[in-house]
(Lines give C-alpha, C1' and ligand atoms only; values in the text may rest on other atoms or scores of the structure.)
Protein backbone atom coordinates (compact mmCIF):
# COMPACT_ATOMS: atom_id res chain seq x y z
CA UNK A 1 0.00 0.00 0.00
CA UNK A 2 1.27 3.48 -0.83
CA UNK A 3 2.21 5.85 2.00
CA UNK A 4 2.95 9.57 1.61
CA UNK A 5 5.40 11.03 4.15
CA UNK A 6 5.16 14.82 4.55
CA UNK A 7 7.83 16.43 6.78
CA UNK A 8 10.16 19.39 6.27
CA UNK A 9 12.97 17.53 8.07
CA UNK A 10 15.03 15.33 5.79
CA UNK A 11 16.24 13.45 8.87
CA UNK A 12 12.68 12.62 9.98
CA UNK A 13 11.76 11.58 6.46
CA UNK A 14 14.65 9.09 6.35
CA UNK A 15 13.91 7.81 9.85
CA UNK A 16 10.26 7.14 9.01
CA UNK A 17 11.30 5.54 5.72
CA UNK A 18 13.74 3.18 7.44
CA UNK A 19 11.15 2.21 10.10
CA UNK A 20 8.50 1.55 7.45
CA UNK A 21 10.89 -0.50 5.30
CA UNK A 22 11.59 -2.68 8.33
CA UNK A 23 7.84 -3.27 8.62
CA UNK A 24 7.52 -4.34 5.00
CA UNK A 25 6.23 -1.04 3.60
CA UNK A 26 8.26 -0.16 0.52
CA UNK A 27 5.88 1.88 -1.63
CA UNK A 28 6.66 5.32 -0.19
CA UNK A 29 6.45 8.92 -1.39
CA UNK A 30 8.33 11.82 0.21
CA UNK A 31 7.32 15.48 0.45
CA UNK A 32 8.99 18.35 2.30
CA UNK A 33 6.01 20.73 2.21
CA UNK A 34 2.28 20.93 1.73
CA UNK A 35 2.85 22.09 -1.84
CA UNK A 36 4.85 18.96 -2.66
CA UNK A 37 2.20 16.81 -0.99
CA UNK A 38 -0.50 18.47 -3.10
CA UNK A 39 1.59 17.75 -6.19
CA UNK A 40 1.86 14.04 -5.33
CA UNK A 41 -1.90 13.97 -4.80
CA UNK A 42 -2.61 15.81 -8.05
CA UNK A 43 -4.16 18.83 -6.31
CA UNK A 44 -1.93 21.53 -7.73
CA UNK A 45 -3.33 21.18 -11.25
CA UNK A 46 -6.89 20.09 -10.34
CA UNK A 47 -6.33 16.68 -11.94
CA UNK A 48 -7.38 13.76 -9.78
CA UNK A 49 -4.36 11.70 -8.76
CA UNK A 50 -3.83 8.21 -10.08
CA UNK A 51 -1.17 7.47 -7.44
CA UNK A 52 -3.63 5.78 -5.12
CA UNK A 53 -2.18 6.99 -1.79
CA UNK A 54 -3.53 4.90 1.09
CA UNK A 55 -2.06 6.76 4.08
CA UNK A 56 -0.49 10.15 4.81
CA UNK A 57 2.02 10.78 7.62
CA UNK A 58 1.88 14.53 8.12
CA UNK A 59 4.09 16.80 10.22
CA UNK A 60 2.16 19.50 12.08
CA UNK A 61 4.89 22.14 12.16
CA UNK A 62 5.98 23.03 8.62
CA UNK A 63 6.86 26.28 6.85
CA UNK A 64 4.25 28.08 4.69
CA UNK A 65 1.26 25.79 5.27
CA UNK A 66 1.28 23.82 8.53
CA UNK A 67 -0.04 20.31 8.99
CA UNK A 68 -3.36 21.42 10.49
CA UNK A 69 -4.29 23.52 7.46
CA UNK A 70 -2.98 20.86 5.10
CA UNK A 71 -5.17 18.21 6.73
CA UNK A 72 -8.16 20.56 6.63
CA UNK A 73 -7.59 21.03 2.92
CA UNK A 74 -7.30 17.30 2.23
CA UNK A 75 -10.52 16.54 4.09
CA UNK A 76 -12.41 19.15 2.08
CA UNK A 77 -11.64 17.49 -1.27
CA UNK A 78 -13.70 14.57 -2.53
CA UNK A 79 -10.96 12.19 -3.70
CA UNK A 80 -8.58 12.77 -0.74
CA UNK A 81 -11.27 12.92 1.96
CA UNK A 82 -11.07 9.23 2.83
CA UNK A 83 -7.27 8.94 2.96
CA UNK A 84 -6.38 8.52 6.66
CA UNK A 85 -3.95 11.11 8.04
CA UNK A 86 -1.60 10.41 10.94
CA UNK A 87 -0.13 13.56 12.46
CA UNK A 88 3.60 13.41 13.32
CA UNK A 89 4.35 16.03 15.97
CA UNK A 90 6.65 17.05 18.77
CA UNK A 91 3.90 19.29 20.16
CA UNK A 92 1.83 17.11 22.48
CA UNK A 93 -0.20 19.88 24.07
CA UNK A 94 -3.95 19.35 24.34
CA UNK A 95 -4.61 22.31 22.06
CA UNK A 96 -2.43 20.94 19.27
CA UNK A 97 -3.92 17.45 19.44
CA UNK A 98 -7.47 18.80 19.62
CA UNK A 99 -6.92 20.87 16.48
CA UNK A 100 -5.51 17.83 14.69
CA UNK A 101 -8.54 15.69 15.43
CA UNK A 102 -10.98 18.51 14.70
CA UNK A 103 -9.69 18.83 11.12
CA UNK A 104 -10.00 15.09 10.52
CA UNK A 105 -6.75 13.42 11.55
CA UNK A 106 -7.19 9.71 12.24
CA UNK A 107 -4.29 9.40 14.73
CA UNK A 108 -1.01 11.01 15.83
CA UNK A 109 2.58 9.95 16.56
CA UNK A 110 4.87 11.94 18.83
CA UNK A 111 8.49 12.81 18.25
CA UNK A 112 11.04 11.41 18.94
CA UNK A 113 9.73 8.53 16.90
CA UNK A 114 9.56 4.96 18.20
CA UNK A 115 9.58 2.22 15.57
CA UNK A 116 7.15 -0.09 17.41
CA UNK A 117 4.63 2.72 17.92
CA UNK A 118 4.99 3.96 14.34
CA UNK A 119 4.44 0.51 12.81
CA UNK A 120 1.52 -0.24 15.13
CA UNK A 121 -0.30 3.01 14.31
CA UNK A 122 0.46 2.74 10.58
CA UNK A 123 -0.79 -0.87 10.53
CA UNK A 124 -4.01 0.09 12.33
CA UNK A 125 -4.64 3.03 9.97
CA UNK A 126 -4.05 0.90 6.87
CA UNK A 127 -6.35 -1.85 8.13
CA UNK A 128 -9.01 0.80 8.71
CA UNK A 129 -8.41 2.11 5.18
CA UNK A 130 -8.79 -1.38 3.74
CA UNK A 131 -12.04 -1.90 5.65
CA UNK A 132 -13.29 1.51 4.50
CA UNK A 133 -12.40 0.76 0.88
CA UNK A 134 -14.05 -2.65 1.09
CA UNK A 135 -17.18 -1.10 2.58
CA UNK A 136 -17.30 1.55 -0.14
CA UNK A 137 -16.85 -1.15 -2.78
CA UNK A 138 -19.73 -3.13 -1.27
CA UNK A 139 -21.86 0.00 -1.14
CA UNK A 140 -21.07 0.77 -4.77
CA UNK A 141 -21.88 -2.80 -5.78
CA UNK A 142 -25.11 -2.61 -3.79
CA UNK A 143 -25.95 0.70 -5.44
CA UNK A 144 -25.29 -0.78 -8.87
CA UNK A 145 -27.37 -3.83 -7.99
CA UNK A 146 -30.17 -1.60 -6.69
CA UNK A 147 -30.04 0.49 -9.86
CA UNK A 148 -30.08 -2.67 -11.98
CA UNK A 149 -33.00 -4.01 -9.96
CA UNK A 150 -34.90 -0.73 -10.35
CA UNK A 151 -34.25 -0.75 -14.09
CA UNK A 152 -35.36 -4.37 -14.31
CA UNK A 153 -38.49 -3.64 -12.29
CA UNK A 154 -39.25 -0.63 -14.47
CA UNK A 155 -38.84 -2.71 -17.63
CA UNK A 156 -40.99 -5.43 -16.09
CA UNK A 157 -43.64 -2.87 -15.17
CA UNK A 158 -43.61 -1.48 -18.70
CA UNK A 159 -43.87 -5.00 -20.09
CA UNK A 160 -46.77 -5.79 -17.75
CA UNK A 161 -48.49 -2.55 -18.72
CA UNK A 162 -48.00 -3.36 -22.40
CA UNK A 163 -49.34 -6.87 -21.82
CA UNK A 164 -52.28 -5.46 -19.89
CA UNK A 165 -53.03 -3.11 -22.77
CA UNK A 166 -52.87 -6.03 -25.17
CA UNK A 167 -55.29 -7.97 -22.97
CA UNK A 168 -57.72 -5.10 -22.30
CA UNK A 169 -57.47 -2.87 -25.37
CA UNK A 170 -58.93 -3.44 -28.81
CA UNK A 171 -55.99 -3.57 -31.17
CA UNK A 172 -57.73 -1.75 -34.02
CA UNK A 173 -59.56 1.15 -32.35
CA UNK A 174 -57.55 1.61 -29.14
CA UNK A 175 -60.76 1.45 -27.10
CA UNK A 176 -61.40 -1.01 -24.30
CA UNK A 177 -62.23 -4.44 -25.67
CA UNK A 178 -65.16 -6.74 -24.89
CA UNK A 179 -63.22 -8.57 -22.19
CA UNK A 180 -62.40 -5.39 -20.29
CA UNK A 181 -65.95 -4.08 -20.70
CA UNK A 182 -67.40 -7.25 -19.15
CA UNK A 183 -65.06 -6.96 -16.15
CA UNK A 184 -65.68 -3.23 -15.72
CA UNK A 185 -69.44 -3.69 -15.95
CA UNK A 186 -69.42 -6.28 -13.13
CA UNK A 187 -67.30 -4.02 -10.92
CA UNK A 188 -69.45 -0.93 -11.52
CA UNK A 189 -72.64 -2.95 -11.14
CA UNK A 190 -71.56 -4.07 -7.66
CA UNK A 191 -70.63 -0.51 -6.76
CA UNK A 192 -74.02 0.75 -7.93
CA UNK A 193 -75.78 -1.91 -5.80
CA UNK A 194 -73.71 -0.94 -2.77
CA UNK A 195 -74.29 2.80 -3.17
CA UNK A 196 -77.86 2.58 -4.56
CA UNK A 197 -76.78 4.43 -7.71
CA UNK A 198 -78.36 4.13 -11.14
CA UNK A 199 -76.44 2.98 -14.18
CA UNK A 200 -76.96 3.56 -17.89
CA UNK A 201 -75.74 1.81 -21.02
CA UNK A 202 -75.69 2.71 -24.73
CA UNK A 203 -75.33 0.05 -27.40
CA UNK A 204 -74.27 1.40 -30.78
CA UNK A 205 -74.17 -0.09 -34.25
CA UNK A 206 -72.71 1.53 -37.39
CA UNK A 207 -75.50 1.60 -39.94
CA UNK A 208 -75.07 -0.61 -43.02
CA UNK A 209 -71.44 -1.36 -42.18
CA UNK A 210 -71.37 -4.59 -44.20
CA UNK A 211 -72.34 -2.52 -47.21
CA UNK A 212 -69.57 -0.07 -46.36
CA UNK A 213 -66.98 -2.87 -46.42
CA UNK A 214 -68.41 -4.20 -49.67
CA UNK A 215 -68.23 -0.73 -51.24
CA UNK A 216 -64.86 0.51 -49.99
CA UNK A 217 -62.98 -2.61 -48.91
CA UNK A 218 -61.94 -3.88 -45.50
CA UNK A 219 -58.91 -1.62 -45.15
CA UNK A 220 -61.04 1.49 -45.47
CA UNK A 221 -63.60 -0.21 -43.26
CA UNK A 222 -60.96 -0.49 -40.54
CA UNK A 223 -60.14 3.21 -40.97
CA UNK A 224 -63.84 4.00 -40.59
CA UNK A 225 -64.01 2.03 -37.33
CA UNK A 226 -61.03 3.95 -35.97
CA UNK A 227 -62.60 7.32 -36.78
CA UNK A 228 -65.95 6.35 -35.29
CA UNK A 229 -64.19 5.09 -32.15
CA UNK A 230 -62.48 8.49 -31.72
CA UNK A 231 -65.77 10.30 -32.26
CA UNK A 232 -67.48 8.19 -29.61
CA UNK A 233 -64.69 8.59 -27.07
CA UNK A 234 -64.01 12.31 -27.47
CA UNK A 235 -67.19 13.78 -25.87
CA UNK A 236 -66.96 11.69 -22.68
CA UNK A 237 -65.18 13.55 -19.88
CA UNK A 238 -65.93 11.69 -16.63
CA UNK A 239 -63.22 9.24 -15.46
CA UNK A 240 -65.61 6.30 -15.04
CA UNK A 241 -67.41 6.67 -18.37
CA UNK A 242 -66.27 3.84 -20.61
CA UNK A 243 -66.43 3.35 -24.37
CA UNK A 244 -65.62 -0.16 -25.62
CA UNK A 245 -65.68 -2.04 -28.87
CA UNK A 246 -68.24 -4.76 -28.32
CA UNK A 247 -67.56 -6.67 -31.50
CA UNK A 248 -67.45 -6.02 -35.23
CA UNK A 249 -69.10 -2.65 -35.85
CA UNK A 250 -70.79 -2.58 -32.41
CA UNK A 251 -69.74 -0.34 -29.53
CA UNK A 252 -70.98 0.08 -25.95
CA UNK A 253 -70.86 3.11 -23.68
CA UNK A 254 -71.21 2.51 -19.94
CA UNK A 255 -72.26 5.57 -17.90
CA UNK A 256 -72.24 4.94 -14.12
CA UNK A 257 -74.48 7.15 -11.97
CA UNK A 258 -76.38 8.51 -15.01
CA UNK A 259 -80.17 8.82 -15.24
CA UNK A 260 -82.47 8.13 -18.19
CA UNK A 261 -82.47 11.72 -19.44
CA UNK A 262 -78.69 11.95 -19.11
CA UNK A 263 -77.99 8.79 -21.09
CA UNK A 264 -80.32 9.86 -23.89
CA UNK A 265 -78.59 13.24 -24.09
CA UNK A 266 -75.20 11.51 -24.32
CA UNK A 267 -76.49 9.16 -27.04
CA UNK A 268 -77.73 12.11 -29.12
CA UNK A 269 -74.37 13.85 -28.61
CA UNK A 270 -72.49 10.75 -29.81
CA UNK A 271 -74.77 10.44 -32.82
CA UNK A 272 -73.94 14.03 -33.78
CA UNK A 273 -70.21 13.45 -33.13
CA UNK A 274 -70.18 10.59 -35.66
CA UNK A 275 -72.29 12.52 -38.18
CA UNK A 276 -69.85 15.44 -37.96
CA UNK A 277 -67.13 13.15 -39.33
CA UNK A 278 -68.85 13.42 -42.72
CA UNK A 279 -67.53 10.03 -43.79
CA UNK A 280 -68.93 9.19 -47.22
CA UNK A 281 -71.01 5.99 -47.40
CA UNK A 282 -72.40 5.42 -50.89
CA UNK A 283 -73.74 2.05 -49.81
CA UNK A 284 -76.05 3.60 -47.20
CA UNK A 285 -79.73 4.00 -48.04
CA UNK A 286 -79.99 6.91 -45.60
CA UNK A 287 -77.96 9.97 -46.63
CA UNK A 288 -74.72 8.56 -48.12
CA UNK A 289 -72.86 9.30 -44.86
CA UNK A 290 -71.73 7.02 -42.03
CA UNK A 291 -74.31 7.11 -39.22
CA UNK A 292 -75.03 5.13 -36.07
CA UNK A 293 -78.05 3.63 -34.37
CA UNK A 294 -78.19 3.63 -30.57
CA UNK A 295 -80.16 1.78 -27.92
CA UNK A 296 -80.09 3.14 -24.37
CA UNK A 297 -81.33 1.91 -21.02
CA UNK A 298 -81.09 2.84 -17.34
CA UNK A 299 -81.38 0.68 -14.22
CA UNK A 300 -81.16 0.95 -10.46
CA UNK A 301 -79.26 -2.29 -9.74
CA UNK A 302 -80.52 -4.22 -6.74
CA UNK A 303 -79.22 -7.30 -5.00
CA UNK A 304 -80.26 -10.33 -6.95
CA UNK A 305 -80.35 -8.50 -10.28
CA UNK A 306 -77.94 -9.52 -13.01
CA UNK A 307 -75.74 -7.08 -14.86
CA UNK A 308 -76.63 -8.99 -18.00
CA UNK A 309 -80.08 -7.41 -17.79
CA UNK A 310 -78.58 -4.00 -18.53
CA UNK A 311 -76.94 -5.34 -21.70
CA UNK A 312 -80.08 -7.16 -22.74
CA UNK A 313 -82.31 -4.07 -22.37
CA UNK A 314 -79.87 -1.85 -24.28
CA UNK A 315 -79.67 -4.48 -27.02
CA UNK A 316 -83.48 -4.53 -27.30
CA UNK A 317 -83.48 -0.75 -27.62
CA UNK A 318 -80.82 -0.97 -30.34
CA UNK A 319 -82.88 -3.55 -32.20
CA UNK A 320 -85.82 -1.15 -32.04
CA UNK A 321 -83.68 1.72 -33.40
CA UNK A 322 -82.56 -0.41 -36.34
CA UNK A 323 -86.10 -1.61 -36.99
CA UNK A 324 -87.42 1.96 -37.05
CA UNK A 325 -85.14 3.24 -39.76
CA UNK A 326 -81.65 3.50 -38.14
CA UNK A 327 -79.71 6.72 -37.54
CA UNK A 328 -81.68 7.31 -34.36
CA UNK A 329 -81.74 6.75 -30.60
CA UNK A 330 -84.26 4.50 -28.90
CA UNK A 331 -84.70 3.98 -25.18
CA UNK A 332 -85.82 0.85 -23.39
Item to complete: Examine segment 30-40 for a residue that is in the same structural domain as residue 109 (by TED's automatic domain parsing) and under 17 Å from residue 129 (Cα atoms), and state whether such a residue exists.
Response: no
Fill in: residue 240 being within 40 Å of the chain's Cα centre (by Cα) and in a loop (DSSP other than H, G, I, E, B)
yes
Worksheet item: Across segment 154-181, which residue is surrounded by the most Cβ atoms within 10 Å (Cβ to Cβ) among those that are in a helix (DSSP H, G or I) and touching a residue at least 60 places away in the same chain (Cβ under 8 Å)?
Response: 181
Practice prompt. Go through 278, 271, 219 for me and flag whichever is part of a helix (DSSP H, G or I), at pLDDT 95 or above, touching a strand residue (DSSP E or B) at 6+ places or on another chain (Cβ under 8 Å) and more than 23 Å from residue 182 (Cβ to Cβ).
Written response: 271
Discussion item. For segment 92-121: of the residues being in contact (Cβ under 8 Å) with a residue 40 or more places away in the chain and more than 49 Å from the chain's Cα centre (by Cα), which is farthest from residue 24 (Cα to Cα)?
Written reply: 111
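The values are calculated or read from the model by the stated rules, or taken from the named source; none is laboratory data. These numbers come from a predicted model, not from an experiment. Note that we place each Cβ from the backbone using ideal geometry, even for glycine, and neighbour counts take in every protein chain shown.
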